[in-house]
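To keep things clear, I will list the structure first and then write my remarks on it.
The values are calculated or read from the model by the stated rules, or taken from the named source; none is laboratory data. Computed from a prediction, not measured in an experiment: that's the story for all the values here. Every residue, glycine as well, gets a Cβ built from its backbone with ideal geometry; the counts of neighbours run over all protein chains shown.
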Amino acid sequence: KEGDKVLVHAGSGGVGTLAIQIAKHFGAFVATTTSGKNADLVKELGADLVIDYTTQKFEDELSDYDLVIDTIGGETLARSFEVLKKGGTMVSVKSEDNDNLAEKYGVHFEWFFMSPDGKMLAELAKLISDGTVKTVIDSTFAMDQAANAFDKLATGRAVGKIVVTVK
């Protein structure tokens with residue numbers, strides 16, 4: 001919501017590129033992690049603060065965040081609890097809070113798994129069609145090359161979305 005401080009991990013990834021723009025649309029201050037080579041892209045998408053994960057530790061730079069969107073999991077998820085303020089929210093699309101860190105830090109944890117939601121998709125489509133949210137496409141594959149798309153996804157190095165076309 002307006003005025004919230006939001007950290008989006010992997011801001012140049014498929015989820016991150018959208019999350020930055022949506023958070024900015026709602027009036028949040030947005031910090032993001034990415035490599036230095038993608039810093040300009042995430043700034044163009046609206047990031048207010050860019051943390052180069054190759055040279056900086058985000059937990060040394062950030063504090064009192066209202067929301068963290070984790071797309072990485074593992075050690076990054078565990079370290080992310082340190083930047084949340086009491087009562088803040090961690091949303092992970094990658095892993096669950098198996099170590100009960102949310103309780104330890106006094107924050108909320110939500111594991112997000114995308115499920116069909118026509119209303120949400122319609123709202124996102126409107127934001128895209130009116131230019132509020134820009135789609136960032138890393139690469140496009142034909143359906144018969146879907147295995148290559150998954151290989152690309154597994155590298156964790158896509159900048160934006162990987163698209164598989166169905167014809």
Candidates Gly46, Gly73 - the one that is closer than 16 Å to Ala23 by Cβ and either surrounded by 11 or more Cβ atoms within 10 Å (Cβ to Cβ) or in contact (Cβ under 8 Å) with a residue 40 or more places away in the chain (or both): Gly46
Verdict on Ala102 being over 23 Å from Leu41 (Cβ atoms), surrounded by 15 or more Cβ atoms within 10 Å (Cβ to Cβ) and either in contact with a strand residue (DSSP E or B) (Cβ under 9 Å, 6 or more places away or on another chain) or of a type in the set (D, E, K, R) (or both): yes
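Within the stretch 10-24, is there a residue that is assigned by TED's automatic domain parsing to the domain that holds Met90, touching a Phe, Trp or Tyr at 6+ places or on another chain (Cβ under 9 Å) and farther than 23 Å from Gly74 by Cα? Steps first, answer last, please.
At the first step, the residues of the stretch 10-24 found to be assigned by TED's automatic domain parsing to the domain that holds Met90 are 10-24.
From the residues that got through so far, the ones that are touching a Phe, Trp or Tyr at 6+ places or on another chain (Cβ under 9 Å) too are 10, 23.
Subset that is farther than 23 Å from Gly74 by Cα: 23.
Scanning the stretch 10-24 turns up at least one residue that is assigned by TED's automatic domain parsing to the domain that holds Met90, touching a Phe, Trp or Tyr at 6+ places or on another chain (Cβ under 9 Å) and farther than 23 Å from Gly74 by Cα.
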In the stretch 125-167, which residues are charged (D, E, K, R) and either part of a strand (DSSP E or B) or touching a residue at least 60 places away in the same chain (Cβ under 8 Å) (or both)? Lys134, Asp138, Lys161
The stretch 56-108: number of residues that are assigned to a strand (DSSP E or B), under 16 Å from the mean Cα position of the chain (by Cα) and not polar (S, T, N, Q): 9
Residue in the stretch 76-99 that is surrounded by the most Cβ atoms within 10 Å (Cβ to Cβ), counting only those that are under 22 Å from Ala154 (Cβ atoms) and either in contact (Cβ under 8 Å) with a residue 40 or more places away in the chain or outside the structural domain of His9 (by TED's automatic domain parsing) (or both): Thr76
